[in-house]
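Undergrad: Provided herewith is a single structure, encoded as C-alpha cells, for subsequent inquiry.
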Amino acid sequence: MKLWTRGGELKRMLRRATAPAPPPDLAQRIKSEIPPLLARPGLAPRRAGLVLNWPLSRYSFAASIAVHAAVVALAVAAGWWSRAHWTRPTAGRAWARAEVAAWTPVWGVHPMGFVSAAEVHRSSFGLDVAPTSYETTRAYLKAGLLPPPAAVQTEEFINALDYGDPAPRGQDVALRGEGGPSPFAEDPGRRLVRFNLRTRNVDPPDRRPTTLAFVIDVSRAMGGERRLGLVKTALFDLARRLRPTDQVALVSFSSQARVVLPPTNDPAALTAALYAMAPDGSSSATSSGLDLGLRLAERCFRIGTCNKVILCSGGAAEHDLSWPRPGLARIAEQSRGGVEVATIGFRADPGVEEMLERLASATNSTYSAADTGAEARQILAEALTGAPQSIGADASVDVDFNPQVVSRYRLLGYERQPTPEALFQSAGGGGAELLGGASITSLYEIELQVHPTEDRVATLGLRYRPAGRLTVVRETRELRISEVASTWDAASPSLRLAASMAEFAETLRDNPEGRGDAFGATFRRAQGLLRDYPERKDVADFVALAGAAAQARPYSPEAAAAAGRPGPEAVSVSVGEGSEPVLLRKFEPAYPDAARRAQVAGTVLLRAQVSPHGDVDGVTVLKSIPLLDPAAISAVRRWKYQPALLEGRPVVGYVTIAVRFQLED
Amino acid sequence: MPDTAAEERLLAALLAGDRQAAETLVDRTYAMVFRLLCQLCQGDDALAADLTQETYRRAWTALPHFEGRSSLGTWLCRIAYNAFFDHTRRRHEESDDFDRAAALPANDALDPVDGLIRDETTARLRRAVLALPEDLRFLVVARFWGDAPVRDLARLDGVSQVAIRKRLRRALARLAASLGEQRS
C-alpha cells in the first residue's frame, strides 16, 4: 500500500538512478596527478591534537610516522600514558584534556521532587508514553504479588486509562486543563492539576474492516525489552484502536512457529497474549518457523476485508537472521493473492535493515523502520487504518506555571524518561511525532501561594509542525484558578479518576512491603469511582487491581519465580535484587578542536543504557554542552561494562556518567 | 562495507607517502566518485569526469588533514560534493545553491538517444535532491549515490546512527512530498 511505504520505493528509485560507466582513461588521468610527494611534511597537520584524538590502535600511530618523528615519540608516549592512567591528569601539556569525573548508577526509583515556580517556571513532559508499566503490574497482581517498585512508572499508569476527553473536530489538537485537591496531602494548598492533549481522529469512518496477522520474531535477536518490548508497546496501542469489525491474530516464531492468539477482536485477549510472549532464547528464524507462521496467518483471513500480514523482526548484526527461500516464495505468493505483506524492522541495525529491505523488495512488500515507540505505534496504526496517522511533527509540550499563583510544582512520573531536551538532541533536532487519535495526560501536584495575586495558574503550550507544512504552530491553553476545584465533590470525575490512578501508582512504588492500610485507603477512594463510571470495564478493572494490591504479597525474586515470573520482559528497567552495571573498560573522550578554540569547557551529563552484553547501546544527554556532546557520547559508546544482573540473569541497566571537559593553561 | 583493517593499512601507507597506495585508492573509489558526480551533474559525463579529477586533486592536498572520522570513501564523497557545488558557484555567483545547480546545462550536450533512455524521473529526482536543505542533501547524496555506510555518516557528523537514519527518513519524506507536488 502506497500510503505506508515510508520511503522504501523512493530509496529504490534513488539507488536505481543509472549512471554511465566512467570514461576508460579517467583512472589514468587521476593517477597522473598524484603529487610526487604525497603527504609531504609541509602539509603536516597543524594540530598536535590530531595525534591524540585517536586511540593508538587506529590511525594516529601510522599518521605520526609520516609526520614528525619527534612529535610522534612525544605524542605516542603521552597518548599511551593518558590512556593507561586515565584518572590522572596529564600535567604540563599545552592542550586541553577531557576527563571522566564520576559515574553514578541510576538504580531503583528517584522520584522527582518539588520545583520552585519562582526559580523554574517552565516544565515539560514527553509525549511518548505507553501503558506498559500498568500492564506489567496487572500481571504481577493477578499472580498475587506486588510489582517491584522499579517496575512502576506513574506516567504510564496515568496514561493507561481514557479520561473521556473528546477528540477535537475541525482542528488538530485540543488542549485541556483542570484541577482538584491533591490525593497526596491533606494540606488544602496542595492541588492536583491534569493536562490533556488530544489529537483528532484520523481513522477514516468508512474504511474496510481489517484483519491483521502479526508474524513476530521472538528469537534471541529480538532481545527482550529493546526490540520485542517495542513491538508490544505498539500492539498495546493498537488494541485500543480496534473497531468491533477488525481482527488481530498473533503468530510468534523463532526456531519454530506457534499461534499465540487466534483471530480475535477482544483487546483484552490481545493484551493478555502479549504478556505470554517472551523471547525464547533460541536461534533466529529458520525456514520452517517463518513458513509455518505465514501459513497460520493465511488461515486467519476473511474474504471482503482488508487482509495484511505484518512481519516484525529486528535483530543485531551478530545474529545471522537469514530469511529462507521457501518463506520468500510464500510471501510473494500471498501478496499476489490479495494479501498485503509488510515488513517492519524494530531497531534493526543497519546491516539487518538492509537485509529486511531486500526481503521487502524481493516480495513486493513494503518495509518500515521503527526505532522509537512513537514510530512503532504510528506504523501499526497506519497498517490498521490504511491512512497516514501523522498529523504533525517536531512536537513539544511545555507548561508555564505562574509564580504569582503557584509556589511549587512537581511532575508525576517521567523519572525514567529522558528530558525533552535530551530527546530533542537524540532525535537530531526534532521533537516528537504527533499521531492521530492520541490522548496524552499528565498530572502535576502544585502548591498554591497563600495569597494568589493573579488568576492564571499555568499555561499548557504545544508547539508542532502540522503535517505537510513547513511552519511551526503553537497552541496554548490557560488554566484559571476557578478551574482548580478545592474539594473532591467539586472536582470532575475525570480528575478524580486520574488522581486515584496516580495515587495507586505512587502507593505501589512507595510501599514495596505492602502495608495493607495504605492500599486500603487507595482502594476505598478508587471504589467511589464506580459510581461515576458504572459502564466502564477498564475502570472496574482498575478498582479490582487496587483491591488486589491490598492483599498481595511483597515482591521477591523467589516469589516471582514461583508465580511463573509474570511479565518480566515488560519491565523496562531492572529492579531491586541484582547488581548494577560495573565498568570494565573505559575510553577517554577527545577534546573537540572547535570547543578548545572556542574555550568551551564544562561537564556533560549522560545517561547510558547498558545492554545485557555489556555494551553501551543508547546514550541520552541529560545535561548538554552542544560543542562537547558528540565527543562525550562517542567515547562513552565504546565503554564496556559487566552487565547489570537481575535474579542472576544479565539485563539492561542504566548508568549516569558525568564527562568533564577542562581547559588547562 | 570495506574491510577496516585493510583500509587502515591503506591509510597508513598513504600517509607515509606511498604512491602505490594512492593508486590503489583511486582504483577502488574513482568509479563511485564518478557515479556520484554524474548524478549531481545530471549525466553531463564530461563535467563529471573533470570534477572527479578535481576531487582527487583536492584529496591529495587534504590528505594530511584526514582525521579518520569516516572511511576514505565517505571522505571522498564529501570532497566530491563540495567540488560540485564550488564549480556551480563559480558559474553562477549570485544565485543560490538550488538555482545554480538547476541552471547547469541539462542534457543538451548529450546524445539524444541517451537522453531518452534516462527517463524524466531521474531528472525530477535530481532536482528534488538538490532542493533539499544543505544538511539533508549531503546525506542523501552520500548515502544513495555514494553508497556511504550510515555508520560513517554518523561519525562524520558526530551523531548517532539512529539520528542519521532519522534525517535520511526526513529527507525521503521531503523528496516524496516534492515529487508529489511536481507530479500534480
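The values are calculated or read from the model by the stated rules, or taken from the named source; none is laboratory data. Since this is a predicted model, take the numbers as computed values, not measurements. Every residue, glycine among them, receives a Cβ derived from its backbone with ideal geometry; neighbour counts consider all protein chains shown.
This table checks each residue for (1) part of a helix (DSSP H, G or I); (2) at the interface with another protein chain (Cβ under 9 Å from one of its Cβ atoms); (3) touching a Lys or Arg at 6+ places or on another chain (Cβ under 8 Å).
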residue: B:A13; (1), (2), (3): yes, yes, no
residue: B:A22; (1), (2), (3): yes, yes, yes
residue: B:T29; (1), (2), (3): yes, no, no
residue: B:A46; (1), (2), (3): yes, yes, no
residue: B:E54; (1), (2), (3): yes, no, no
residue: B:T74; (1), (2), (3): yes, no, no
residue: B:F85; (1), (2), (3): yes, no, yes
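Undergrad: With respect to B:A102, determine if the residue is modelled with pLDDT under 70 and either closer than 25 Å to B:I164 by Cα or away from chain A (no Cβ under 14 Å) (or both).
TA: For B:A102, the condition - modelled with pLDDT under 70 and either closer than 25 Å to B:I164 by Cα or away from chain A (no Cβ under 14 Å) (or both) - is met.
To keep it simple, each residue is scored yes or no on (1) within 29 Å of A:Y414 (Cα to Cα); (2) modelled with pLDDT under 80; (3) in contact with a strand residue (DSSP E or B) (Cβ under 7 Å, 6 or more places away or on another chain).
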{"position": "A:E569", "(1), (2), (3)": "yes, yes, no"}
{"position": "A:V573", "(1), (2), (3)": "yes, yes, yes"}
{"position": "A:G578", "(1), (2), (3)": "yes, yes, yes"}
{"position": "A:P589", "(1), (2), (3)": "no, no, yes"}
{"position": "A:D593", "(1), (2), (3)": "no, no, no"}
{"position": "A:R597", "(1), (2), (3)": "no, yes, no"}
{"position": "A:L605", "(1), (2), (3)": "yes, yes, yes"}
{"position": "A:D617", "(1), (2), (3)": "yes, yes, yes"}
{"position": "A:L622", "(1), (2), (3)": "yes, yes, yes"}
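Undergrad: Return the pair list, or none, for Cβ contacts closer than 6 Å from residues in the stretch A:241-262 that are among the acidic types (D, E) to residues that are surrounded by 18 or more Cβ atoms within 10 Å (Cβ to Cβ), at least 6 apart or on different chains.
TA: A:D246/A:T210
Undergrad: Hey, another quick one. Where residues in the stretch B:56-72 are of a type in the set (A, V, I, L, M) and crowded, with 20+ Cβ neighbours inside 10 Å, which of them is nearest to the other protein chains (Cβ to nearest Cβ)?
TA: Ranking the candidates gives B:L63 first.
Quick grid of which residues meet (1) surrounded by fewer than 18 Cβ atoms within 10 Å (Cβ to Cβ); (2) closer than 24 Å to A:R220 by Cβ:
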| position | (1), (2) |
| --- | --- |
| A:V582 | yes, yes |
| A:D593 | yes, no |
| A:V610 | no, yes |
| A:V616 | no, yes |
| A:A631 | no, no |
| A:Y654 | no, yes |
| A:F661 | no, no |
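Undergrad: Identify the single condition in (1) at pLDDT 85 or above; (2) at the interface with chain A (Cβ under 8 Å from one of its Cβ atoms) that B:F138 does not satisfy, given that it satisfies every other one.
TA: For B:F138, the exception is condition (2).
Undergrad: Quick one: would you say A:R607 is over 20 Å from the mean Cα position of the chain (by Cα), on the phi < 0 side of the Ramachandran plot and part of a strand (DSSP E or B)?
TA: Judged against the criteria, A:R607 is not a match.
Undergrad: In the stretch A:172-195, how many residues are among the hydrophobic types (A, V, I, L, M, F, W, C), in a strand (DSSP E or B) and more than 16 Å from A:A117 (Cβ to Cβ)?
TA: 3
So that you can scan it fast, the table gives a plain yes or no per residue for (1) part of a strand (DSSP E or B); (2) at pLDDT 80 or above; (3) surrounded by fewer than 18 Cβ atoms within 10 Å (Cβ to Cβ):
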| residue | (1), (2), (3) |
| --- | --- |
| A:R198 | yes, yes, no |
| A:D203 | no, no, yes |
| A:R258 | yes, no, yes |
| A:A268 | no, yes, yes |
| A:A272 | no, no, yes |
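Matching residues to (1) at the interface with another protein chain (Cβ under 7 Å from one of its Cβ atoms); (2) without any contact (Cβ under 8 Å) to a residue 24 or more places away in the chain; (3) within 19 Å of A:E9 (Cα to Cα):
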residue	(1), (2), (3)
B:G146	no, no, yes
B:D152	no, no, no
B:R155	no, no, no
B:Q161	yes, yes, no
B:R167	yes, no, yes
B:R170	no, no, yes
B:S178	no, no, yes
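Undergrad: Another question, if that's okay. Listed residues A:A540, A:A502; which is in contact with a Leu (Cβ under 7 Å, 6 or more places away or on another chain), of a type in the set (G, A, S), farther than 19 Å from A:R176 by Cβ and at pLDDT 85 or above?
TA: The conditions single out A:A540.
Undergrad: Kindly list the number of the only condition in (1) within 18 Å of B:L36 (Cβ to Cβ); (2) modelled with pLDDT under 85; (3) surrounded by 19 or more Cβ atoms within 10 Å (Cβ to Cβ) that fails for B:D147.
TA: (3)
Undergrad: Here is a further query. Of everything in the stretch A:342-389, what is touching a Phe, Trp or Tyr at 6+ places or on another chain (Cβ under 7 Å) and at pLDDT below 80? Give them in sequence order.
TA: Within the stretch A:342-389, A:L356, A:E357, A:L359, A:A360, A:T366 meet the criteria.
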